[in-house]
Amino acid sequence: MGKVKPNTPVALVVGVTGMVGLSLAEALASPTALGGPWKVYGAARRPKPTWFPSSILDLYITFDALNFDDTLKQLSPIAHEVTHVFWLAIQVVLIWAKHDYYCSLSDLGIEILAISSFFTRLLHLDVPIFTN
């Protein structure tokens, strides 16, 4: 990526390997983006896929959002720069039943509670991760 101008918006796109995350990262990195091009950090649970266009990101970060310590470790180095966080990650749990896949609402509820708990802890830190 090119040199960043002062006051350039810096995005952290969590869930960057999904359809919406990838589209958002591409849009923000574009010179035609409002205030852009933005500096874009992309994050996902798994390592960067071979098909992923690396050129749209300034950095690809792998972390487990349900592991608070891992999240702090991986995001702390960029936290002072980030001005916008776009949370687009979701892990849908599929359960096999009668030869059809379906998403269990109870499993989805558990995931929502886990992510809510994560955000609550993140927002109530004595030392905030994101200062911008």
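The figures follow:
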quantity	calculated
Subset of segment 33-42 (residues that are at pLDDT 90 or above and not aliphatic (A, V, I, L, M))	Pro37, Trp38, Lys39, Tyr41, Gly42
Pairs where the first residue, in segment 55-79, is free of Cβ contacts under 8 Å to residues at least 12 places away in the same chain and the second is exposed (fewer than 14 other Cβ atoms within 10 Å of the Cβ) and of a type in the set (Phe, Trp, Tyr), C-beta under 8 Å, 6+ apart	none
Whichever residue in segment 15-32 is touching a helix residue (DSSP H, G or I) at 6+ places or on another chain (Cβ under 6 Å) and assigned to a loop (DSSP other than H, G, I, E, B) and, among such residues, is farthest from Leu72 (Cα to Cα)	Val16
Residue in segment 52-69 that is farthest from Pro37 (Cα to Cα), counting only those that are touching a strand residue (DSSP E or B) at 6+ places or on another chain (Cβ under 9 Å) and in a helix (DSSP H, G or I)	Ser54
Scope segment 80-95; condition within 20 Å of Ser23 (Cβ to Cβ) and free of Cβ contacts under 8 Å to residues at least 40 places away in the same chain; matching residues	Val92
Test: residue in segment 43-54 that is farther than 22 Å from Ser117 by Cα, under 16 Å from the mean Cα position of the chain (by Cα) and at pLDDT below 90	yes
Unmet criterion (only one of (1) at pLDDT below 85; (2) not in a loop (DSSP other than H, G, I, E, B)) for Val85	(1)
Qualifying residue in segment 121-130 (condition: modelled with pLDDT of 90 or more and among the acidic types (Asp, Glu))	no
Conditions (1) in contact (Cβ under 8 Å) with a residue 40 or more places away in the chain; (2) more than 21 Å from Thr120 (Cα to Cα): number failed by Gly42	(1)
Selection from segment 42-92 of residues that are aliphatic (A, V, I, L, M), crowded, with 16+ Cβ neighbours inside 10 Å and farther than 22 Å from Pro9 by Cα	Ala65
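The values are calculated or read from the model by the stated rules, or taken from the named source; none is laboratory data. All values reported here derive from a predicted model rather than from experimental measurement. No Cβ is skipped: glycine too gets one built from the backbone with ideal geometry, and neighbour counts run over all protein chains shown.
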